[in-house]
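Derivation of every value follows stated rules applied to the coordinates shown; laboratory data play no part. From a predicted model like this one, the values you see are computed outputs, not experimental measurements. Don't worry about glycine lacking a Cβ; one is built from the backbone with ideal geometry, like all the others, and counts go over all protein chains shown.
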């Protein structure tokens, strides 16, 4: 995992609020969706320690799958299928700005 990347992602996702909940249903520091959390073995998305472990595992999976940080970050946000279908960062209402924000937070 590139140094500081998970920190930048968590800041962008929740501003370090372990009780954050999105309108889409993502929750906790890493804003894990219920299905993603289940697949990662995370039972309490609001527990900071387990949420961070889940976020780190999922981001690592996306890094291994896509090989490029910006695509892994896009997949964390939009899902790997969306990145594959788009052949890159999906052009939707959220993901391009999300990737930009994570990258700026990681390398200000």
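Laid out as a table, the results:
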{"item": "Rounded tilt (10° steps) of 69-78 against the dominant C-alpha axis of the chain", "result": "60"}
{"item": "Extension gain, residue 84 back to residue 3 (0.36 nm per residue minus Cα-Cα distance, nm)", "result": "26.6 nm"}
{"item": "Contour minus Cα-Cα distance for residue 92 and residue 64 (0.36 nm per residue)", "result": "7.7 nm"}
{"item": "Per-pair calculated FRET efficiency, R0 = 25 Å: residue 104 and residue 33 via Cβ, rounded to 0.05", "result": "0.55"}
{"item": "Computed [θ] at 222 nm, helices only, for the chain once each DSSP H run of length n ≥ 4 contributes -39500 (n - 2.57)", "result": "-18000 deg cm²/dmol"}
{"item": "Size of the stretch 53-100 as Cα extents on the principal axes (Å, biggest first)", "result": "28, 17, 15"}
{"item": "20 °C / 1.002 mPa s Stokes-Einstein diffusion coefficient of the chain, Kirkwood radius on C-alpha pairs, µm²/s", "result": "158"}
{"item": "Neighbour-count order for 43, 36, 23, fewest beta carbons within 10 angstrom listed first", "result": "23, 43, 36"}
{"item": "Average Cα contact separation per residue, the stretch 5-106, under 8 Å, 6 or more apart, as relative contact order %", "result": "24"}
{"item": "Cβ-based exposure ranking for 16, 98, 58, 46, in which fewest neighbours within 10 Å come first", "result": "16, 46, 98, 58"}
